[in-house]
Amino acid sequence: MTAPSGFTPDTAAPPAGQGGAAPRAATAPAPDPAEQRRRDRRSRRYRWDVRWSPYAFVAPFFVFFAAFGLFPLLYTGWASLHQVELTSPTHMEWAGWHNYSRLWEDEFFWKALRNTFTIGVISTVPQLMMALGIAHLLNYRLRASMFFRVAILTPYATSVAAATLVFALLFGHDYGMVNWSLGLVGLDGIDWQNGTWTSQIAVSTIVIWRWTGYNALIYLAAMQAVPNDLYESAALDGASRWKQFLHVTVPSLRPTILFTVVVSTIGATQLFGEPLLFNTAGTATGGADHQYQTLGLYMYEQGWVNLHLGRASAIAWTMFLILLLIAAANALFARRLRKSQ
C-alpha cells in the first residue's frame, strides 16, 4: 500500500543521543572584566584578612612589650657593663664586670640582700597563713559573706603611699598608736624605726595588711573548686572540720599555695615603696644604719641619689637573676609535686 501523492507523514524528532542533535543550552553572558577584577580584589583581601588579622590583634602587646619591657631590660644589661652617670647618661665608659665585682665586695649590698630575705620571710609566711585561714572561714556559709569578701580586698586597692604613711604614724615613737597601746598594758614604747628587727617587723606589717586579702580571695576561689564529695566522705569517716581542712583542703590547694608563695617571694624581692616611705627622714638609706634597706631601695639609692646608673643597672640585673633562680626552683618543685600526685 502506497501513500497518496502530496501526503507527508508526521515524523517525531529523534531524541538526543539517538542520531538527533541535542538542544542548544542557554549560555551565560560573559562577566564584566571590571566586576571580575573587583571580585578578585575582595577575595584577595579576604584571604589576607583571614591570614594576617590574628597577628594584627596581638601585635600591640608585642610592640608595647618590646618598647617598655625588652628594650629597657637589654639596655640596663648593656649599661651595667659601663661606667655611666645620671648627669650624662649618653656618655658611657666601658667597665666590663667591674660593677658586678664591686657588688661582691659591697657590704651595703649584702646587707640589703639580707634585709630583703628577712622582710620577705616575716611578711610572706604570716600573710599566707592568715590568708588561708580567712579563706577557710569565708568558704563556709556566713551572713554577709559578700561584704566580707569586698572588705578584705580593700587594703589591696589602697595606695602604697597612703598606707605606708598611715603605718608610719601608727608606729611613731612618741605619738604612735602602737606605743600608746603598749603603754596601756604597762609596756615601754618601742623605737620601731631605729631598731633592726622592729623596723623590719613594722615594714612587714604594711605588706601583710595590703596583701592578705588578695591572697585570701585566691585561696577562696581554689577552695570552691574542691569537690564537695571529698568533704562528705571525710565527714562520714568522722573527720572534724579541722581534720577536713588539713587532710582535704590543704592537699587540694597545693598548686595554688605554690603559686602564691612564688608570687609573694617575687614581690618581696622587688619591695620598694614601703621601706622608702616608712623612713620619715625622706632618705633612701632604709634607716640610719640601713637596717631595713631592701635591694630595690638600694638600687634606687645608687641610681637616683648617688647618680651611678651603671651600678644601679648591675643591681637590677642581679635582682633579675635572683628572680630567675626563684622561677627555676618553682618549676622544679612543681614538677616533683605533679609526680607525687
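Quick rundown of the values:
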| item | result |
| --- | --- |
| Number of the exception - residue 91 against (1) open to solvent by less than 50 Å² (accessible area, probe 1.4 Å); (2) touching a strand residue (DSSP E or B) at 6+ places or on another chain (Cβ under 8 Å) | (1) |
| Region 250-285, residues that are polar (S, T, N, Q) and within 24 Å of residue 329 (Cα to Cα) | 252, 256, 260, 264, 265, 269, 270 |
| Failed condition for residue 38, given (1) exposed (fewer than 10 other Cβ atoms within 10 Å of the Cβ); (2) in a helix (DSSP H, G or I); (3) modelled with pLDDT under 80 | (1) |
| Subset of region 156-189 (residues that are crowded, with 19+ Cβ neighbours inside 10 Å and outside any helix (DSSP H, G or I)) | 171, 176 |
| Among residues of region 133-155, those that are surrounded by 16 or more Cβ atoms within 10 Å (Cβ to Cβ) and under 22 Å from the mean Cα position of the chain (by Cα), counted | 4 |
| Residue in region 157-167 that is of a type outside the set (Val, Ile, Thr), at pLDDT below 90 and over 30 Å from residue 288 (Cβ atoms) present | yes |
| Failed item, numbered, when residue 239 is tested on (1) open to solvent by less than 60 Å² (accessible area, probe 1.4 Å); (2) within 19 Å of residue 133 (Cα to Cα); (3) among the hydrophobic types (A, V, I, L, M, F, W, C); (4) assigned to a helix (DSSP H, G or I) | (4) |
| Of all residues in region 285-311 being open to solvent by less than 10 Å² (accessible area, probe 1.4 Å) and of a type in the set (Gly, Ala, Ser), the one that is nearest to residue 268 (Cα to Cα) | 296 |
| Checking residue 120 against (1) in contact (Cβ under 8 Å) with a residue 24 or more places away in the chain; (2) in a helix (DSSP H, G or I); (3) more than 21 Å from residue 200 (Cα to Cα), the condition it does not meet | (3) |
| Members of region 191-229 that are in a loop (DSSP other than H, G, I, E, B) and surrounded by fewer than 19 Cβ atoms within 10 Å (Cβ to Cβ) | 191, 194, 195, 224, 225, 226, 227 |
| Selection status of residue 249, polar (S, T, N, Q) and either more than 29 Å from residue 202 (Cα to Cα) or open to solvent by 20 Å² or more (accessible area, probe 1.4 Å) (or both) | yes |
| The listed residue being modelled with pLDDT of 90 or more and either open to solvent by 40 Å² or more (accessible area, probe 1.4 Å) or in a helix (DSSP H, G or I) (or both), out of 329, 314 | 314 |
| Tally of residues being assigned to a helix (DSSP H, G or I), of a type outside the set (Gly, Ala, Ser) and open to solvent by 50 Å² or more (accessible area, probe 1.4 Å) across region 101-110 | 5 |
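Each row is one residue, and each column tells you yes or no for (1) within 17 Å of residue 200 (Cβ to Cβ); (2) hydrophobic (A, V, I, L, M, F, W, C).
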{"site": "268", "(1), (2)": "yes, yes"}
{"site": "272", "(1), (2)": "yes, yes"}
{"site": "277", "(1), (2)": "yes, yes"}
{"site": "282", "(1), (2)": "no, no"}
{"site": "287", "(1), (2)": "yes, no"}
{"site": "291", "(1), (2)": "yes, no"}
{"site": "294", "(1), (2)": "yes, no"}
{"site": "300", "(1), (2)": "no, no"}
{"site": "304", "(1), (2)": "no, yes"}
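The values are calculated or read from the model by the stated rules, or taken from the named source; none is laboratory data. All figures in this text were calculated on a predicted structure; none of them were measured in a lab. Every residue, glycine as well, gets a Cβ built from its backbone with ideal geometry; the counts of neighbours run over all protein chains shown. What goes into the accessible areas is simple: the full protein's heavy atoms, side chains included, and nothing from ligands, DNA or RNA. Shrake-Rupley method; radii C 1.70, N 1.55, O 1.52, S 1.80 Å.
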